[in-house]
1. Counting pairwise Cα distances across the chain, what percent come out greater than 32 angstrom?
2. Could you please rank 334, 211, placing first whichever residue has the fewest other Cβ atoms within 10 Å of its Cβ?
3. So what J values fall out for the range 275-289 if you push phi through Karplus, 6.51 cos²θ - 1.76 cosθ + 1.60 with θ = phi - 60°, rounded to Hz, Gly and Pro as x?
4. Based on Cβ point charges of +1 for Lys and Arg and -1 for Asp and Glu, what charge dipole magnitude is obtained for the chain about its Cα centre, in debye rounded to the nearest 20?
5. When the Kirkwood radius is taken over all Cα pairs of the range 11-195, what Stokes-Einstein diffusion coefficient follows at 20 °C and 1.002 mPa s, in µm²/s?
Amino acid sequence: MPQDATSKSKPTNREFQLYLFSGVASQVVGVAVALAIPLVIYRHTQSLVAAGIIETILALVSLVAGIIGGSLADMKQRKKIIFIGEVLAALTACATAVLIASDTFNIIAFGALLSLEVSCSAVSGASIGSSLPQLVPREKLASAEGLMQARMQAAGLVGPVFGGFLLSVNDWLPFLASGLSALISAACFVLIKSPLEPQQRAQTSLLKTTMGGLSLVIRNAFVRNLIIVQLFLNSAMSGVLFLSVIALEEAEYNNYIIGFARAAIGVIGVLGALATGYLQKRFSLRTLMFLNGINLTVMLSAVALLTPTLAMVVPLGLCVIFAPAANAVVYAKMYDLLDEDIFGRATNTQVEIVTAGSGLWSTPLGYISHAWSITIGMWSCALLALGGLCSTFFFDKAVCALEVEQS
């Protein structure tokens, strides 16, 4: 079983605050960039398919880089990985801004630069995400992860508005802001003095370490079924967010309205994340997962019914009311289950498979929406959410078996 942070280096509250603050700018700007990417592509190519293909490529790049990054997080000095990755991501983001500002937009060069930035961010992000248990005591891990979820949801609130503002000024500004935010993140980790590595590190080669992490994900019923549930639900949610931007653009709403519409999802998300402690005491992990699946299926159906009116923003925001708490409790549960020297690989493999799978959905979703309509695309996302709800029964069975084994 992993040891908690209090038995290691006794990190200060200031260092946890630095850890929390390090991703504020990056996550806000990351949401802004996620808003900008399909709009920039669509404005230059007028093609939903092109936007979907780029999203898919970025998802695949993130998957490979994140899995490798998880292995490196279990093997090497995490601070060095974070610093190098964030600096390289900053330089690449600035190069992307220069490409867009040069008025010689090239979709291949744009995709290549984005892929390089995503790979650097994924490698550094793997070490960042694995380091939280080194900075907080075990009994506070779920609450701390709840604050991480609140930060992410707050970024979802502020990021779209910020992105809409930047896009209204110039298309390249979100990417310049991305570069600056990566430098802020790197600086924060320079100021953290406590070691971020687990006491036990993986001792094998990079290839063997990576294969060991993948093997665990395949063999562990809890992790495997968790990935299946999250793959369905995240694909459905990311697909609707992808289409909602295009739907509002085609309905001729301006950038500010699109930004505010995307920000609506952050309002409920922040409240849900801040309620993590309450929800954790009130509901079991199994119940939270069911509530999340039911809520997402119902709300995405409502979004499909209301597309392309601005009223679809209301159920879009309500989609994530249970997701932050469920994610925080899952993170703490995985830390209980896994040894320290494999935690980074397992958690990052889980996250990257889900993220990549969500991105892969963008290409068929783009074809569906182009061939029929955006509304049909929305309904296909609602069906995916229903698949996630159904697969939650298998996850519930795995949790039951785990609880019997631990008792």
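Derivation of every value follows stated rules applied to the coordinates shown; laboratory data play no part. What you are looking at is a predicted structure, and each value in this text was computed from that prediction instead of being measured. Methodologically, a virtual Cβ is constructed for each residue, glycine included, from the backbone with ideal geometry; neighbour enumeration extends over all protein chains shown.
1. Tail fraction, whole percent: 31.
2. Lowest count first: 211, 334.
3. Karplus values, whole Hz, x for Gly and Pro: 8, 3, x, 5, 5, 5, 6, 7, 10, 6, 4, 4, 5, 4, 5.
4. Numbers: 23 positive and 22 negative charges, 180 e Å.
So the dipole magnitude of the chain works out to roughly 860 debye.
5. 127
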